[in-house]
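**Student:** Dropping the structure in here first, questions after.
The values are calculated or read from the model by the stated rules, or taken from the named source; none is laboratory data. Everything numeric here is computed off the predicted structure, so don't read it as measured data. Virtual Cβ from ideal backbone geometry, glycine too; neighbours counted across all protein chains shown.
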Amino acid sequence: MNRIDLEGKRAIVTGGAQGIGRAVVERMIASGAQVTIWDVDRALGQAAAEELGAGYVDVDLTDWAAVRSAHARTAAEMGGIEILVNNAGIAGLNAPVAEYPVEEWRRVLAIDLDAVFHCCKAVVPGMVEGGYGRIVNVASIAGKEGNPNASAYSAAKAGVIALTKSLGKELAGQDISVNCVTPAAARTAIFDQMTEEHIGYMLSKIPRGRFVTVDEVAGMICWLASAETSFTTGGVFDISGGRATY
């Protein structure tokens, strides 16, 4: 594993207690960064933080006031924030649109899209003041192509892509890069929320013939979080094993 230079940088990773988020935290710490995990699962978050040598803040990312408070605490403890990785998310139910529960739609959009907006809104002023920043949002191939029976998830991830492009343009005149990744599915705890039929559908669409690993996604995210992406912003980086057609 090559070492990506994140020496001395201070990062927040949402949903960093498990899956892709945990792999990102581990890779960032190995690359010299100071990391704080933001996660709603206190037991899992504290355990991951202790094991990896990270900080931890318990926060409901769907609550703007809670995010604002968590940001103030984290920025004070670390002395600033240069990197934000918006990774937290859920899959939601698998059901056709006509049968999709309205409350479930709202829950998925709140966690997968509203939370990303809240976190970006919180960290951007400090990045602007400091003259440097890297934001990496975890979207999905579903946000590009739309997965059947996953309308809320697909719509939320498409929203993350559009938010990334919009914010990237807003901050393009400064050394603040905003990019997103669109991975194919990784075999993480999020699979517990999906039907076997839906999992099989996703696998059938990947020319590589396998699911992406969390370490593969973490490698791309950490590179995008580095100083090397000084000219790249508003970008959508494919990591779908050949599935993406654009």
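**Student:** Would you point out the residue of the range 173-192, among those that are at pLDDT below 95, hydrophobic (A, V, I, L, M, F, W, C) and more than 14 Å from the chain's Cα centre (by Cα), that is surrounded by the fewest Cβ atoms within 10 Å (Cβ to Cβ)?
**Tutor:** Among those that are at pLDDT below 95, hydrophobic (A, V, I, L, M, F, W, C) and more than 14 Å from the chain's Cα centre (by Cα), it is ALA189.
**Student:** Which ones in the range 56-91 are free of Cβ contacts under 8 Å to residues at least 60 places away in the same chain, small (Gly, Ala, Ser) and surrounded by fewer than 21 Cβ atoms within 10 Å (Cβ to Cβ)?
**Tutor:** Scanning the range 56-91 gives ALA65, ALA66, SER69, ALA72, ALA75, ALA76.
**Student:** Step by step: first the residues of the range 92-142, then only those that are acidic (Asp, Glu) and out of contact with any helix residue (DSSP H, G or I) (no Cβ under 7 Å at 6 or more places or on another chain), then the one that is surrounded by the most Cβ atoms within 10 Å (Cβ to Cβ). Which residue is that?
**Tutor:** Here the answer is ASP114.
**Student:** Any chance the range 124-140 includes a residue that's more than 20 Å from MET220 (Cβ to Cβ), in contact with a strand residue (DSSP E or B) (Cβ under 6 Å, 6 or more places away or on another chain) and modelled with pLDDT of 95 or more?
**Tutor:** Yes, the conditions are met somewhere in the range 124-140.
**Student:** Could you tell me whether any residue of the range 152-164 is more than 17 Å from VAL108 (Cα to Cα) and crowded, with 17+ Cβ neighbours inside 10 Å?
**Tutor:** Within the range 152-164, one or more residues are more than 17 Å from VAL108 (Cα to Cα) and crowded, with 17+ Cβ neighbours inside 10 Å.
**Student:** Of the conditions (1) in contact with a helix residue (DSSP H, G or I) (Cβ under 7 Å, 6 or more places away or on another chain); (2) touching a residue at least 60 places away in the same chain (Cβ under 8 Å); (3) over 30 Å from ILE176 (Cβ atoms), GLY234 clears all except one; give me its number.
**Tutor:** So GLY234 meets the others, but not (3).
**Student:** While we're here: Name the pairs: first residue in the range 21-35 and closer than 27 Å to ILE90 by Cβ, second residue in a helix (DSSP H, G or I) and acidic (Asp, Glu), Cβ to Cβ under 8 Å, at least 6 apart or on different chains?
**Tutor:** ALA23/ASP215; ARG27/ASP215
**Student:** Applying the selection to the range 118-160, what residues are more than 23 Å from MET28 (Cβ to Cβ), out of contact with any Ser or Thr (no Cβ under 6 Å at 6 or more places or on another chain) and among the hydrophobic types (A, V, I, L, M, F, W, C)?
**Tutor:** ALA150, ALA152, ALA155, ALA156, ALA158
**Student:** Quick test of your reading of the structure: SER204 fulfils all but one of (1) within 19 Å of ASN179 (Cα to Cα); (2) of a type in the set (S, T, N, Q); (3) free of Cβ contacts under 8 Å to residues at least 24 places away in the same chain. Name the failing condition by number.
**Tutor:** Against the list (1) within 19 Å of ASN179 (Cα to Cα); (2) of a type in the set (S, T, N, Q); (3) free of Cβ contacts under 8 Å to residues at least 24 places away in the same chain, SER204 comes up short only on (1).
**Student:** Can you name the helices (runs of 4 or more DSSP H) wholly within the range 132-246 that have at least 1 residues being in contact with a Leu (Cβ under 8 Å, 6 or more places away or on another chain) and closer than 24 Å to ALA115 by Cβ?
**Tutor:** Where helices (runs of 4 or more DSSP H) fall fully within the range 132-246 and carry at least 1 residues being in contact with a Leu (Cβ under 8 Å, 6 or more places away or on another chain) and closer than 24 Å to ALA115 by Cβ, they are 151-170, 214-224.
**Student:** Ok, one more. Being under 21 Å from GLU145 (Cβ atoms) and of a type in the set (A, V, I, L, M, F, W, C): is that true of VAL236 here?
**Tutor:** Criteria met by VAL236.
**Student:** May I ask you to list the residues in the range 2-20 that are surrounded by fewer than 23 Cβ atoms within 10 Å (Cβ to Cβ), touching a residue at least 40 places away in the same chain (Cβ under 8 Å) and either on the phi > 0 side of the Ramachandran plot or part of a helix (DSSP H, G or I) (or both)?
**Tutor:** Within the range 2-20, just GLY19 meets the criteria.
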